[in-house]
Amino acid sequence: MATKTSKDIRNESRFMVLRTVYARHTVTRAQISAETGLSPATVTTLVGELVEEGVLREAGQISSQGGRPTATFQANPSRGALLAVDVAETYVRVDLFDISLARLDQERVDLDPGAQSIETVAEHIRGCTDALLGRRPELAGHVLGAGVSLPGQVDPVRGIDVFAPNWGWHEVPLMEALERAVPVPVRIDNPLMALATGELWFGAGRRFRQFVAVNLGTGVGAGIIIDGQLLRGRGNSAGEWGHTTLIWNGRACPCGRSGCVETYIGAEGIRTTLSEIAPEHELLTVTHHRDFIERLMRAEATCDAAAQEALLRTGDYLSAAIGNLVNLLDPEHVSVLGWITRYAGTELHDRVRERIAQECLPGPSSTLSIEFTDADGEGVSLGMAVLALEGFLERVGLPSPSSALSPAAASTGPGTARTGWAVPHADASLPRR
Ligand SMILES: [Zn+2]
């Protein structure tokens, strides 16, 4: 790993300050210093820069212990707005946030099943965006950036979707169509990185520097946080834990391999497990993934033996797959997120708690904490709003790279210039207002 420069350390410190302000809403400099461990002088400088740029504002005065009034600070919602776009295989959703990351409004369109072109997707994004800004004309011209989450393996540095098997996308260029749809700087990523970024800012990231954010849904992945930073890998595909082998020569996976983790603990995998236990089970005709999981849990609660066995086996598969992550990474903590946890989190958590010690080496598991969080679709849009905010801050010379893209990857592709702002600058001395 490259040695950190003083600029890197300053950027990390800025991230810690911002995260404290955003998580606590209104804070004094002394509180930021106590929470982050940064010196009062460093906090004063960093808060000063963010106030000067208009990202933070003084919120008022409170009396301190010595009786002297001290200033409180908060994010400044009037500085501008952010767009967070969640493109999933069945819908496009656009959320409008202010810069304090309060959600102002939302638009959504459902997509027909089957393949979509980037042009169609971009048209839907434009329609939603126009509707949102039509309702808030005062924000037109004050949108500071957009974060767009797209399905599959997304490379933000090259601006392409490397692989989205359900839409037949291979190396699809994205930026031109997206930049036409939203007339502001666009930052792209995939839902896993978005969820992990949200968790880094607002969830486990506030308590742990080494943790894994597992996403359980139709797809499955693991956001890996090492030393407080999201691991992206060379081409942004780190964390494709769903496509690591759980059972050699096991179930066929849409990725073309077999025995992948996703084929056991993703929504379709849970259905396959039920079909192995009870090939004639009535729930096997429910094709919609959420409906299937919701009804499976109702069946489980009413003592349907096949449903109970399917849940138990899913818990066993999940324990083994998390055990692999724990043995590999030795994290302090594992957060299990994603829409499946909303329906089955309690049952899966119970089974994982029983089994995890058997699935891990004694060292890594001895002090490990595991939490199942009922985070539904909100997590992706919040994460993309954070990434849009980080992009804006970087463009004004105040980078706070909670999940910086790899500079090594940035230097390799011809597409670098298109999204060049996402790469940490060697000397980003942009003028500040
Ligand atoms: Zn696979």
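The values are calculated or read from the model by the stated rules, or taken from the named source; none is laboratory data. Treat the numbers as computed from the prediction; the structure is a model and nothing was measured. Don't worry about glycine lacking a Cβ; one is built from the backbone with ideal geometry, like all the others, and counts go over all protein chains shown.
With respect to residue 287, is the statement that it is of a type in the set (Val, Ile, Thr) and touching a Lys or Arg at 6+ places or on another chain (Cβ under 8 Å) true? Spelling it out, it is not the case that residue 287 is of a type in the set (Val, Ile, Thr) and touching a Lys or Arg at 6+ places or on another chain (Cβ under 8 Å).
Checked against the criterion of being assigned to a strand (DSSP E or B), more than 30 Å from residue 145 (Cα to Cα) and either of a type outside the set (Lys, Arg) or outside the structural domain of residue 286 (by TED's automatic domain parsing) (or both), the candidates 354, 371, 309, 347 yield just one match: 371.
Is it the case that the stretch 22-37 has a residue that's among the basic types (Lys, Arg), more than 26 Å from residue 187 (Cβ to Cβ) and either outside any loop (DSSP other than H, G, I, E, B) or touching a Lys or Arg at 6+ places or on another chain (Cβ under 8 Å) (or both)? If you could, list the steps in order and put the result at the bottom.
As a first pass, look at the stretch 22-37 and keep what is among the basic types (Lys, Arg): 24, 29.
If we keep only those that are more than 26 Å from residue 187 (Cβ to Cβ) too, we end up with 29.
After this cut, where a residue has to be either outside any loop (DSSP other than H, G, I, E, B) or touching a Lys or Arg at 6+ places or on another chain (Cβ under 8 Å) (or both) as well, the list is 29.
Yes, that holds for at least one residue.
The C-beta contact set for the stretch 96-124 (first residue of a type in the set (Asp, Glu) and at pLDDT below 95, second residue part of a strand (DSSP E or B) and loosely packed, with under 15 Cβ neighbours inside 10 Å, distance under 6 angstrom, 6+ apart or interchain) comprises 110/91. As a summary of the residue check, residue 39 satisfies the conditions (1) out of contact with any strand residue (DSSP E or B) (no Cβ under 9 Å at 6 or more places or on another chain); (2) closer than 19 Å to residue 394 by Cα except for the one numbered (2). For residue 272, the stated conditions hold: it is within 16 Å of the ligand (Cβ to nearest atom), assigned by TED's automatic domain parsing to the domain that holds residue 322 and not small (Gly, Ala, Ser).
In the set (1) within 16 Å of the ligand (Cβ to nearest atom); (2) outside any helix (DSSP H, G or I); (3) surrounded by 23 or more Cβ atoms within 10 Å (Cβ to Cβ), residue 264 fails one condition alone, (2).
Taking the stretch 114-136 as the range and being assigned to a loop (DSSP other than H, G, I, E, B) and more than 12 Å from residue 161 (Cβ to Cβ) as the test, the residues that pass are 114, 115, 136. Listed conditions (1) crowded, with 17+ Cβ neighbours inside 10 Å; (2) not assigned by TED's automatic domain parsing to the domain that holds residue 385 are all met by residue 62, apart from (1). Condition (residue is in a helix (DSSP H, G or I) and more than 12 Å from the ligand (Cβ to nearest atom)) applied to the stretch 224-235: is it met by at least one residue? So far as the stretch 224-235 goes, no, none of its residues is in a helix (DSSP H, G or I) and more than 12 Å from the ligand (Cβ to nearest atom).
Can you name every residue in the stretch 339-371 that is hydrophobic (A, V, I, L, M, F, W, C) and over 19 Å from residue 298 (Cβ atoms)?
Taking the stretch 339-371 and keeping what is hydrophobic (A, V, I, L, M, F, W, C), we get 339-340, 344, 348, 352, 356-357, 360-361, 368, 370.
Result: 352, 356, 357, 360, 361, 368, 370.
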